[in-house]
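Here is the structure we will look at.
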Amino acid sequence: MRPSFSLDLYLVTDRDLSLGRSLTEIVEKAVKGGITMVQLREKNASTRQFVHEALQIRPILKKNGIPLIINDRVDVAMAIDADGVHLGQNDMQWQMARTLLGPEKIIGLSIENVDQLTDANEANIDYIGISPVFTTPTKKELFKGLGLSETGKIATLSKHPSVAIGGINKSNAAGVLSTGTNGISVVSAICSAEDPEAAAKELSDIIQQEKKQS
Ligand code: TZP
Ligand code: MG
């Protein structure tokens, strides 16, 4: 059985946006604020650093029953027995990742347009990331945001639960959730916040409020 997970408030890490603080500190505080999932995303780290960072964060999350997902690197996920991986359209194909990881790990896949749902809906994956909802400086290689209406279309047509990412913060989180995504995913709104715990708590409160209304 795969572990159960909640996409409600999904933190994606970025050390360059963490204002000099360690990822461990950010994650510890964000956990106190109510995040439900963490993706460790290390675009410039060596493999050794990536593994080291993941091993630092893993016990904090284990203690709190929060899944640790590794961005891109199936080998790192296997090496540290993470809960799963998040794959983009140009990363390892989900079929290979599933074979390597086995049936019990979580696999997330980024979806950038409605057409990509044709394959994703048939895939043995656990959730999709709708990306990017809004244009964001955090991911420079991405272009224009999908906008709320396209995001809602993808969320509705998806057979898998969905989490939206890209430019989400406390001012637009409720609007994103109202399109029908299961959760929101943020980098800078928590990593770059002066108080990551308070930032996570504020987002978590918005999510609870929005879910009560729907
Ligand atoms: N994938 C799509 S957008 C994005 C990623 C990793 C970055 C989102 O960062 P932010 O700071 O929450 O806009
Ligand atoms: Mg990727």
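The values are calculated or read from the model by the stated rules, or taken from the named source; none is laboratory data. Since we're looking at a predicted model, the values are computed, not measured. When we count neighbours, we look across all protein chains shown, and the Cβ atoms used for this are built from the backbone with ideal geometry, even at glycine.
Note on the range 1-36: among residues that are among the charged types (D, E, K, R) and assigned to a loop (DSSP other than H, G, I, E, B), the one that is nearest to E197 (Cα to Cα) is R21. Against the definition (surrounded by fewer than 17 Cβ atoms within 10 Å (Cβ to Cβ), farther than 15 Å from G34 by Cα, over 15 Å from the mean Cα position of the chain (by Cα) and of a type outside the set (G, A, S)), how does Q208 come out, yes or no? When the stated conditions are applied, Q208 does not pass them.
Being among the hydroxyl-bearing types (S, T, Y), away from ligand 1 (no atom under 16 Å from the Cβ) and more than 15 Å from the chain's Cα centre (by Cα) is the requirement here; does S192 meet it? Taking the combined requirement at face value, the residue does not satisfy it. If you filter the range 82-108 down to residues that are of a type in the set (A, V, I, L, M, F, W, C) and in a strand (DSSP E or B), you find that the one that is farthest from ligand 2 (Cβ to nearest atom) is I106. Looking at the range 109-186, the strands (runs of 3 or more DSSP E) lying wholly inside it that each contain 2 or more residues that are within 14 Å of ligand 1 (Cβ to nearest atom) and out of contact with any His (no Cβ under 7 Å at 6 or more places or on another chain) sit at 162-165, 183-186. Total residues in the range 24-40 satisfying the condition of being buried (at least 20 other Cβ atoms within 10 Å of the Cβ) and among the charged types (D, E, K, R): the figure is 1. Out of curiosity, is K211 within 22 Å of N71 (Cα to Cα) and at pLDDT below 95? When the stated conditions are applied, K211 does not pass them. Among the residues making up the range 197-214, those that are aliphatic (A, V, I, L, M) and either under 14 Å from G175 (Cα atoms) or outside any helix (DSSP H, G or I) (or both) are L203, I206, I207. Going through the range 113-122 one residue at a time, which ones are surrounded by 18 or more Cβ atoms within 10 Å (Cβ to Cβ) and within 16 Å of ligand 2 (Cβ to nearest atom)? Residue satisfying the conditions is A120 alone. For the range 57-66, a residue qualifies if it is in a helix (DSSP H, G or I) and surrounded by 14 or more Cβ atoms within 10 Å (Cβ to Cβ), and the qualifying residues are I57, R58, I60, L61.
Going through (1) surrounded by fewer than 21 Cβ atoms within 10 Å (Cβ to Cβ); (2) of a type in the set (D, E); (3) at negative phi one by one, D83 falls short only on (1).
Run down R73, R48, R21 and say which single residue is of a type in the set (K, R), surrounded by 16 or more Cβ atoms within 10 Å (Cβ to Cβ) and over 26 Å from K211 (Cβ atoms). So the residue among R73, R48, R21 that is of a type in the set (K, R), surrounded by 16 or more Cβ atoms within 10 Å (Cβ to Cβ) and over 26 Å from K211 (Cβ atoms) is R73.
If the condition is being within 15 Å of P132 (Cβ to Cβ) and under 14 Å from the mean Cα position of the chain (by Cα), then the range 153-168 contributes S162, V163, A164, I165, G166, G167, I168. May I ask you to list the residues in the range 101-121 that are in contact (Cβ under 8 Å) with a residue 12 or more places away in the chain and among the charged types (D, E, K, R)? Selection gives E104, K105, E112.
For N90, work out the one condition from (1) within 16 Å of ligand 1 (Cβ to nearest atom); (2) in contact with a Gly (Cβ under 8 Å, 6 or more places away or on another chain) it doesn't fulfil. Only one criterion in (1) within 16 Å of ligand 1 (Cβ to nearest atom); (2) in contact with a Gly (Cβ under 8 Å, 6 or more places away or on another chain) is unmet by N90, namely (2).
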